[in-house]
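The structure appears below as structure tokens.
The values are calculated or read from the model by the stated rules, or taken from the named source; none is laboratory data. Not measured: the values here are computed from a predicted model. Every residue, glycine among them, receives a Cβ derived from its backbone with ideal geometry; neighbour counts consider all protein chains shown.
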Amino acid sequence: MKNNILLILSLFLLSAGFCQGTYQLAVLKYNGGGDFYANPTAVPNLIKFCNQNLGTNISTEVPYVEVGSSDLFNYPYIHMTGHGNVVFSPSEAENLRNYCYGGGFLHIDDNYGMDEFIRIELKKVFPDKELVELPPDHPIFHQKYDFNGLPKIHEHDDKRSQAFAIIENGRIVCLYTFETDLGDGWEDPQVHNDPPSKRQAALQMGANILQYVFMM
């Protein structure tokens with residue numbers, strides 16, 4: 001409960017002065033064999049883009065944090081990605097649930113191959129919740145940058161891109177972006193050789209997510 005209160009207080013201070021102060025984001029480290037460390041330049045590049053275009057003052061140092069660690073509560077936004085298996089123990093699921101319900105925000109970006117695993121694990125974290133697809137008119141798509149739903153960055157299975165959410169008391173506590181691969185678009189240009197327009201769209205959508213998180 002103390003950690004939850006501290007996280008809620010930190011989020012209030014951030015939303016009250018979105019451009020004030022320096023704070024950190026983190027990447028989730030999990031078990032199961034999936035590559036939680038994929039896209040190492042993604043979140044730092046997103047932060048640089050937001051600092052330049054939204055006037056934020058986010059540290060470009062992005063630590064990895066264990067899903068079961070109390071350190072989770074030091075970060076208002078946690079990014080999770082990977083291509084493969086994910087396994088949460090009961091205590092890890094409880095810790096992640098307390099983090100999200102206590103004011104934190106989890107963004108899961110499927111890097112292709114995670115979907116079948118993460119949906120099972122999310123039921124451990126949120127046993128009484130279902131993923132809800134966000135419609136194109138949801139405010140998260142209409143922050144500084146205007147989108148008609150989630151942009152498609154990489155093709156993968158040629159399915160449409162979808163944004164799903166876990167919602168608690170009207171607040172998105174977990175965002176799951178599927179069939180888009182925003183993180184690949186955030187990476188250094190030479191990593192995936194995405195067209196500049198695709199990379200720009202990925203960064204702008206990422207900026208929208210952060211702006212929504214800290215201003216909602």
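Brief remarks on what is shown
- Among the residues examined, TYR212 qualifies as part of a helix (DSSP H, G or I) and under 21 Å from LEU28 (Cα atoms).
- Within region 150-207, the set of residues being closer than 13 Å to ASN111 by Cβ, out of contact with any strand residue (DSSP E or B) (no Cβ under 6 Å at 6 or more places or on another chain) and small (Gly, Ala, Ser) comprises GLY185, ALA202.
- Out of VAL132, VAL191, VAL125, sole residue that is among the hydrophobic types (A, V, I, L, M, F, W, C) and within 19 Å of ALA42 (Cα to Cα): VAL191
- When residues of region 138-155 are limited to those that are in contact with a Gly (Cβ under 9 Å, 6 or more places away or on another chain) and part of a loop (DSSP other than H, G, I, E, B), the one surrounded by the fewest Cβ atoms within 10 Å (Cβ to Cβ): HIS138
- Checked against (1) surrounded by 15 or more Cβ atoms within 10 Å (Cβ to Cβ); (2) closer than 18 Å to TYR212 by Cβ, GLY55 passes all but condition (1).
Conditions (1) touching a residue at least 24 places away in the same chain (Cβ under 8 Å); (2) of a type in the set (Ser, Thr, Tyr); (3) within 30 Å of THR22 (Cβ to Cβ); (4) in contact with a Phe, Trp or Tyr (Cβ under 8 Å, 6 or more places away or on another chain), marked per residue:
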{"site": "SER70", "(1), (2), (3), (4)": "yes, yes, yes, no"}
{"site": "ASN95", "(1), (2), (3), (4)": "yes, no, yes, no"}
{"site": "TYR112", "(1), (2), (3), (4)": "yes, yes, no, no"}
{"site": "ILE118", "(1), (2), (3), (4)": "yes, no, no, yes"}
{"site": "LYS124", "(1), (2), (3), (4)": "yes, no, no, yes"}
{"site": "LEU150", "(1), (2), (3), (4)": "yes, no, yes, yes"}
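- Selection within region 78-104 - of a type in the set (Ser, Thr, Tyr), crowded, with 21+ Cβ neighbours inside 10 Å and not in a helix (DSSP H, G or I): THR81
- Region 118-135, residues that are of a type in the set (A, V, I, L, M, F, W, C), assigned to a helix (DSSP H, G or I) and either under 17 Å from the mean Cα position of the chain (by Cα) or modelled with pLDDT under 95 (or both): ILE118, LEU122, VAL125
- In region 157-173, the residues that are in a loop (DSSP other than H, G, I, E, B) and crowded, with 17+ Cβ neighbours inside 10 Å: SER161
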